[in-house]
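Asker: Quick one: the structure is below, questions incoming.
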């Protein structure tokens, strides 16, 4: 579960180093529009997310584990991801599943393969209330290393999975 959470954190904080740390160097991904090496995808997806969205939140739930051997496991997880567009006028909501394979070397588990399955998606207008009323005084989330979580978590990046 920690690897799944770190992967989501990498996407939401635009942290390519963290994403690469959860994948074996030989790992591959199938994200529909990109099928190939996971480490290459890590760099590409960060640029794509930064160019389209202010913020994202990837929530992974209902993970089913199947251990194929002492060194291999497969999972299916539900993913619910919200994406706030750059201008803040609308959000894209994605609901789907991650089909993952993991491999263990020594005592270290990492992703070997990920396939994204889309169940549904929608876009809707939003009213941004972050600067209004009682929300105005709250710390605002950012999709980079200036986010409060980087200062809060002593091991906020790659050290989380090493």
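Asker: Step by step: first the residues of the stretch 25-48, then only those that are in contact (Cβ under 8 Å) with a residue 40 or more places away in the chain and surrounded by fewer than 18 Cβ atoms within 10 Å (Cβ to Cβ), then the one that is farthest from residue 141 (Cα to Cα). Which residue is that?
Answerer: 26
Asker: A further question on this structure: Among (1) free of Cβ contacts under 8 Å to residues at least 40 places away in the same chain; (2) touching a strand residue (DSSP E or B) at 6+ places or on another chain (Cβ under 6 Å); (3) under 21 Å from residue 3 (Cα atoms), where does residue 57 come up short?
Answerer: Every condition holds for residue 57 apart from (1).
Asker: State which residue is surrounded by the fewest Cβ atoms within 10 Å (Cβ to Cβ) when the search covers only the stretch 12-24 and only residues that are touching a residue at least 60 places away in the same chain (Cβ under 8 Å) and more than 17 Å from residue 109 (Cβ to Cβ).
Answerer: Selected residue: 17.
Asker: Given the options 126, 117, 93, name the one that is surrounded by fewer than 16 Cβ atoms within 10 Å (Cβ to Cβ) and over 25 Å from residue 32 (Cα atoms).
Answerer: 126
Asker: Next question, about the same structure. Can you report the number of residues in the stretch 84-99 which are more than 16 Å from residue 119 (Cα to Cα) and assigned to a strand (DSSP E or B)?
Answerer: Counting residues in the stretch 84-99 that are more than 16 Å from residue 119 (Cα to Cα) and assigned to a strand (DSSP E or B) gives 4.
Asker: Can you list the strands (runs of 3 or more DSSP E) found entirely within the stretch 1-78 that contain at least 3 residues being in contact with a helix residue (DSSP H, G or I) (Cβ under 8 Å, 6 or more places away or on another chain)?
Answerer: 23-30, 53-67
Asker: Right, next: For the stretch 88-108, enumerate the residues that are over 16 Å from residue 25 (Cα atoms) and touching a residue at least 12 places away in the same chain (Cβ under 8 Å).
Answerer: 88, 89, 90, 91, 92, 93, 94, 95, 96, 97, 98, 99
Asker: Separate question: Starting from the stretch 119-138, take each residue that is touching a residue at least 40 places away in the same chain (Cβ under 8 Å) and list its partners that are surrounded by 10 or more Cβ atoms within 10 Å (Cβ to Cβ) and assigned to a loop (DSSP other than H, G, I, E, B), counting only C-beta distances under 9 angstrom and pairs at least six apart or across chains.
Answerer: What qualifies is 126/88; 126/89; 128/88; 128/89.
Readers should treat all values here as calculations from the given coordinates under stated rules, not as data from a laboratory. Since the model is a prediction, treat every value here as computed from it, not as a measurement. Every residue, glycine as well, gets a Cβ built from its backbone with ideal geometry; the counts of neighbours run over all protein chains shown.
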